[in-house]
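The values are calculated or read from the model by the stated rules, or taken from the named source; none is laboratory data. Computed from a predicted structure; not experimentally measured. Cβ placement follows ideal geometry from the backbone for every residue including glycine, while neighbour counts extend to all protein chains displayed. What goes into the accessible areas is simple: the full protein's heavy atoms, side chains included, and nothing from ligands, DNA or RNA. Shrake-Rupley method; radii C 1.70, N 1.55, O 1.52, S 1.80 Å.
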Amino acid sequence: MTSLKRTLNFIKNKPVDRPPFHPIIMRFAAKYAQVNYRDFCLNYRHKCFGMITCAEDFALDWVTVMSDPYAEAEAFGMEIEYPENDLPKAKGLLIKDIRDVAKLTVPRIENSRRMMNRIHEIEEFKRQVGDRYFIVGWVEGPLAEFADLRGLSEACMDLYDWPNEVNRAADIIMANALQFITAQVQAGAHCIGIGDSACSVIGPKLYRKFFWEREKTLVEHIHSLGALAKLHICGNTTAILPEMIKTGVDIVDVDHLVTSMEPFTPLLSDSQVLSGNSDPVSVIQDGRKEDIFNSVRACFQQTKGRGIVSAGCEITPDTSVENFSFYRDAALSL
């Protein structure tokens with residue numbers, strides 16, 4: 001069974017030999033493949049090499065374009081610094097004053113090196129792995145992108161002080177996300193991930209008021225193109241997980257800060273799955289072999305078998321190859 005077929009069948013609740021293994025790897029992949037992180041972010045061939053190498057060496061069932069949150073931010077005009085072997089850093093905020101929202105316009109994909117690079121990554125994945133692996137593209141969700149451009153603290157205050165301006169910015173961000181989703185699916189992505197991690201800090205009322213409907217719109221657009229959708233919100237999402245599931249998204253990521261996935265499993269439709277939620281630091285990076293195996297089994301039991309094997313968030317670059325191999329072995333043992 002190919003990794004793609006395993007993932008698709010699993011999500012559709014059809015028989016599989018084991019649950020899919022979808023750990024989020026970015027800096028770990030670059031380090032393992034001996035690619036400096038600037039190239040991992042900016043050179044699509046290096047990104048694909050790192051991801052495919054890890055998929056083949058550790059029996060992963062997916063390859064992704066994930067590396068950092070700044071592809072769209074740079075397209076909007078934000079200045080980003082790319083250290084040789086570290087995470088990209090913003091040189092400053094694009095929306096320094098809320099009135100700067102009036103200057104925000106929808107970028108042209110063909111004029112953005114980072115967005116075009118992501119398209120090339122998906123095309124390269126498609127060329128190299130075809131339909132063997134589950135190919136996942138990515139867009140930033142509306143609050144995550146606004147927080148990148150504005151700053152998280154300022155963005156949260158704006159929800160109270162400047163709701164009209166937040167809505168205006170979110171509409172422009174959405175317009176870009178919709179066109180970016182279309183381009184990635186056309187390039188060959190089987191699924192599009194939506195990263196909206198800032199939503200975990202604003203509470204369910206503001207999430208529902210400003211961003212739930214917009215995330216649902218992104219999911220519906222992805223489905224209209226014939227692809228699957230994944231929603232990733234880091235942090236303790238216990239209060240908003242029911243709403244996340246109601247977006248209709250196919251894969252719902254659950255961070256380790258959610259103490260148990262069991263209460264949310266009954267909320268899933270027959271074509272929805274959870275993904276998570278082992279602690280990437282205390283368990284995967286620092287845990288013993290038995291800790292890793294126990295965590296993977298616990299997640300499987302909490303989801304009643306409807307959970308993709310993944311940590312709550314990114315596997316750290318300090319995770320040893322030995323521990324990541326234990327993680328693979330635990331996933332394959334289910």
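Things to note:
- Computed E for K205/S271 - FRET, C-beta separation, R0 22 angstrom, nearest 0.05: 0.15
- Adding -39500 (n - 2.57) for every DSSP H run of four residues or longer, then dividing by how many residues the chain holds, sets the calculated 222 nm ellipticity at -13500 deg cm²/dmol.
- The chain - charge dipole about Cα centre, Lys and Arg +1 at Cβ, Asp and Glu -1, debye rounded to 20: 740 debye
- Between region 139-157 and region 28-107, the alpha-carbon center distance in angstrom: 17 Å
- Protection proxy ranking, peptides 264-274, 139-149, average beta carbon neighbours within 10 Å, highest first: 139-149, 264-274
- Once the 1.4 Å probe is applied to the protein heavy atoms, region 273-314 comes out at 38 Å² accessible per residue.
- Cβ-based charge dipole, region 115-261, positive-most Cα from F210, L149, V258: V258
- Per residue, the convex hull volume that the Cα atoms of the chain enclose (Å³): 115 Å³
- Those lysines that a straight Cα-Cα span of less than 26 Å connects to K304, excepting residues fewer than 8 apart in one chain: K5, K12, K14, K216, K230, K246, K289
- Inter-label distance, nm, simple model (7 Å from Cα along the C-beta direction), K14/S320: 4.1 nm
- Mean Cα-pair separation over length for the chain, i.e. relative contact order, pairs under 8 Å, 6 or more apart, %: 18 percent
- Rolling a 1.4 Å probe over the protein heavy atoms of region 57-146, with every protein chain left in place, gives an accessible area that is 46 percent carbon and sulfur.
- If you plug the beta carbon distance of K304 and Q128 into 1/(1 + (r/R0)^6) with R0 = 51 Å, you get a FRET efficiency near 0.90.
- Nearest-10 value in Å² for the accessible area of R288, using the 1.4 Å probe: 140 Å²
- Solvent-accessible area per residue in region 36-75 equals 29 Å², computed with a 1.4 angstrom probe and all protein chains kept.
- For region 149-233, size of Cβ-based charge dipole, Lys and Arg +1, Asp and Glu -1, in debye: 200 debye
- Taking the longest Cα principal axis of the chain as reference, the axis of helix 163-187 is set at about 50 degrees.
- Average accessible area per residue (Å²) across region 96-250 - probe 1.4 Å, nucleic acids and ligands excluded: 39 Å²
- Within the same chain, aspartates and glutamates fewer than 8 places from K89 are excluded, and of the rest, those with a Cα less than 17 Å from its Cα are D39, D68, E72, E74, E79, E81, E140, E145, D148.
- The accessible surface of region 197-318, taken with every protein chain in place and a 1.4 Å probe, is 53 percent carbon and sulfur.
- Which of G77, V219, F324, positive extreme of dipole for the chain (C-beta unit charges): V219
- Accessible area of K216 in the full protein assembly, 1.4 Å probe (Å², nearest 10): 50 Å²
- Electrostatic dipole magnitude of region 68-177 [Cβ: Lys, Arg +1; Asp, Glu -1; Cα centre; debye, to 20]: 280 debye
- Charge sum, other residues only, whose C-beta stays under 12 Å from F125's C-beta, Lys/Arg counted +1 and Asp/Glu -1: +2
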